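Asker: Below you'll find the structure I mean.
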Amino acid sequence: MNDAATRKLALSHLWVAFIAFILACFMGVYQVLERSGFISALDSPSVYFASVSTHGVLMAFVLTIFFIMGFGYTIAASSLKQPVWNMPLAWGGFWLALTGVIMAAIPLLAGKASVLYTFYPPIVAPAAFYIGATLLVVGSWVWCVIMLVMFSQWKQANPGQAVPLAMFATAMNVLLWLWTSAGVALEVLFQLIPLSLGWIDTVDAGLSRTLFAWTLHPIVYFWLIPAYTAFYVFVPKQAGSFVFSDEMARLAFIVLAVFSLPIGFHHLYMDPEQAKGWKLLHGIGTFMVALPTLVTGFAVIASLEIAGRLRGGKGLFGWIGSLPWTNSMVLAVILSLLMLIFGGFGGIVNASYAMNAMIHNTAWVPGHFHLIFAGTTVIMYFAIAYYLWPILVKKPLFSSSMALVQLWTWFIGMSILTTPWHILGLLGQPRRVSSVVYNNLLTLSWQPYELMMIVGGLVLLGSACLFIYNLAKTQLNPSSEAIDQHIEYAEPIHAAESVPEWLNDLKLWNKVIAVLMFISFGYPILQFFIMDTYGSSPWGF
């Protein structure tokens with residue numbers, strides 16, 4: 001990718017993402033230390049919840065949105081072989097989103113917006129926090145418009161041709177994000193901002209939670225699709241293999257977007273606002289969304305097996321040892337899939353009503369969440385960064401061996417951190433509390449696991465610092481050794497002679513999503529406006 005303007009745009013987004021990431025990592029270590037109760041000097045519920053809220057917002061919104069935007073610009077420009085459409089607008093979206101981050105960070109760091117990243121009422125933050133979050137989302141919508149325009153322009157210029165797989169995946173993620181962000185946007189614009197400004201006296205918390213449930217689970221797949229994109233278009237090439245099936249990959253991204261949206265009520269299983277029939281409907285949909293993950297796991301492992309056998313691997317499992325384990329992209333996908341297996345098991349537990357009742361609001365939930373997001377997803381963000389950085393800065397990566405150490409330590413640290421969380425959840429330790437020291441026999445059994453969590457957190461912090469150091473040294477290296485690499489995309493084993501339009505466009509799937517969302521959320525939201533619900537008046541106020 002030789003376009004200097006696009007490289008600068010992408011790097012700016014990625015650096016904001018990774019600065020947010022490293023700040024959140026330091027806060028994460030503080031949280032496991034404070035929560036354990038081992039160091040009494042750190043005990044401070046107010047500081048703890050301010051840290052947890054900031055950590056969650058930085059990781060779940062700032063890291064992900066800025067990374068995905070930077071990655072999207074890179075994918076669009078390189079796969080479509082055209083410059084970013086409307087560069088001034090792209091920069092406008094960047095500065096709008098960054099302004100929102102700064103605006104929201106001020107009350108967060110001051111301890112006045114300790115509402116966690118879900119910001120459920122009746123806890124209310126200052127208006128600056130909600131307005132800042134809104135600007136961040138609106139800035140991301142600017143990116144969405146640019147991606148859709150570039151997608152449409154390429155299709156018009158290349159009639160009958162298949163949109164490059166990487167761009168098709170990015171476009172499906174744009175569609176997913178526009179739909180899923182609408183839920184929290186409605187909550188913030190029509191409930192939380194008016195409430196925080198004093199324009200209204202109260203809001204219906206049940207409606208707020210329902211609207212956030214619209215966003216809460218699909219956003220996970222918004223985070224995950226860039227990792228899956230790398231699974232399909234980068235990993236096979238780096239391993240010396242091919243995409244197992246271009247058509248199957250497209251179908252996986254379609255099903256991921258379509259079925260991930262109308263399933264948010266498994267987060268409300270224990271809430272009384274929604275009837276059991278709606279929860280059952282959403283629960284069934286939650287299991288459906290496992291299908292594209294199973295397909296992706298099969299396709300990626302098939303591509304890796306082909307690579308291993310092409311490199312001389314023999315026997316049933318001999319191909320595994322023949323893989324290029326010293327390639328950071330290949331190593332990352334193997335570690336990512338391992339964490340996805342265990343994290344996915346936890347997800348099945350969360351989606352099952354009876355089992356969810358046992359672990360709801362326990363430490364099991366952050367254990368599952370961190371394993372999927374900070375494990376499966378973020379480790380692929382690292383691999384993507386290691387691959388793209390030499391291309392974006394036109395300098396060789398400072399240390400490939402350091403990258404491998406960093407990936408291994410992240411995997412080890414995440415395993416040490418999340419395993420105790422799952423066990424503590426089964427032992428009844430609650431989440432969303434600042435202290436777990438209750439001075440009884442049950443809490444004594446928690447202490448060894450609290451110590452393990454601290455060890456895991458420290459390992460992760462060290463790994464995160466290695467990651468930032470490697471990228472910074474790469475970019476700031478004064479060496480005159482310039483490289484001119486290009487992004488290389490994997491090719492399918494069998495090139496498709498033609499791709500049906502339903503595997504090459506968004507229009508049909510946008511209509512399907514609209515129908516499914518109306519079925520899944522239509523009446524559950526409408527009920528708040530036509531009846532008194534749990535002491536509130538109609539219209540949700």
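Every number in this text was worked out from the coordinates using simple rules, so none of it is lab data. A quick note: this is a predicted structure, and the numbers were derived from the prediction, not measured. Cβ placement follows ideal geometry from the backbone for every residue including glycine, while neighbour counts extend to all protein chains displayed.
Asker: With the contact rule set at Cα under 8 Å and sequence spacing of 6 or more, what percent relative contact order holds for the chain? Write out the running numbers ahead of the final one.
Answerer: Working: 815 pairs, mean separation 93.5, N = 541.
With pairs under 8 Å counted, the relative contact order is 17 percent.
Asker: A follow-up question, please. For the charge dipole of the stretch 4-540, defined by +1 on Lys and Arg C-beta atoms and -1 on Asp and Glu C-beta atoms about the Cα centroid, which residue among GLN406, ALA127, PHE342 has the Cα displaced farthest towards the positive pole?
Answerer: The residue sitting most towards the positive pole is GLN406.
Asker: Sticking with this structure for a sec: Sort MET329, MET358 so the one with the fewest other Cβ atoms within 10 Å of its own Cβ comes first. Before the final figure, lay out each step's value.
Answerer: Details: MET329 24, MET358 13.
Ascending Cβ contact count within 10 Å gives the list MET358, MET329.
Asker: Okay, moving on. Please work out how many pairs of lysine residues in the chain are eight or more positions apart (or on different chains) and have Cα atoms closer than 18 angstrom.
Answerer: On the way: LYS8/LYS81; LYS8/LYS394; LYS8/LYS395; LYS8/LYS473; LYS81/LYS155; LYS155/LYS507; LYS394/LYS473; LYS395/LYS473.
The result is 8.
Asker: Sort PHE231, PHE151 so the one with the fewest other Cβ atoms within 10 Å of its own Cβ comes first. Walk me through the numbers on the way to the answer.
Answerer: Numbers: PHE231 27, PHE151 21.
Sorted ascending by nearby Cβ count, the order is PHE151, PHE231.
Asker: Given H placed on each backbone N at 1.01 Å, which residues far from THR362 in sequence or on other chains put an amide H within less than 5 Å of it?
Answerer: When sequence neighbours closer than 5 places are left aside, the close amide H contacts are ARG431.
Asker: Would you please give the residues with an amide H less than 5 Å from that of VAL243, counting only those at least 5 places away or on a separate chain, with H modeled from the backbone geometry?
Answerer: Result for VAL243 returns GLU491, ILE493.
Asker: Multiplying the sequence separation of GLU247 and LEU316 by 0.36 nm and subtracting their Cα-Cα distance, what value in nm do you get? Mind dumping the intermediate values first?
Answerer: Numbers: separation 69, 0.36 × 69 = 24.84 nm, distance 2.71 nm.
Value of the extension gain: 22.1 nm.
Asker: On to the next question. Which residues does the label zone of ILE102 cover in the stretch 36-73, counting backbone N under 18 Å from a point 7 Å along Cα→Cβ?
Answerer: 58, 62-63, 66
Asker: Efficiency by 1/(1 + (r/R0)^6): what FRET value for ASN504 and SER40, r their Cβ-Cβ distance, R0 = 35 Å, to the nearest 0.05? Walk me through the numbers before you get to the answer.
Answerer: Working: r = 61 Å, r/R0 = 1.74.
E(calc), rounded to 0.05, equals 0.05.
Asker: Any idea how far the Cα center of the stretch 192-265 sits from the one of the stretch 11-75, in Å?
Answerer: 20
Asker: Place +1 on the Cβ of every Lys and Arg and -1 on the Cβ of every Asp and Glu in the chain, take the dipole about the Cα centre, and give the residue among GLY206, PRO366, SER181 whose Cα lies farthest towards its positive end.
Answerer: The residue sitting most towards the positive pole is PRO366.
Asker: Now a separate question. Which of the peptides 79-91, 105-117, 409-421, 366-378 is most tightly packed, and how do the rest follow, judged by the mean count of other Cβ atoms within 10 Å per residue?
Answerer: Details: 79-91: 16.3, 105-117: 18.5, 409-421: 21.5, 366-378: 23.6.
Result, highest mean Cβ count within 10 Å first: 366-378, 409-421, 105-117, 79-91.
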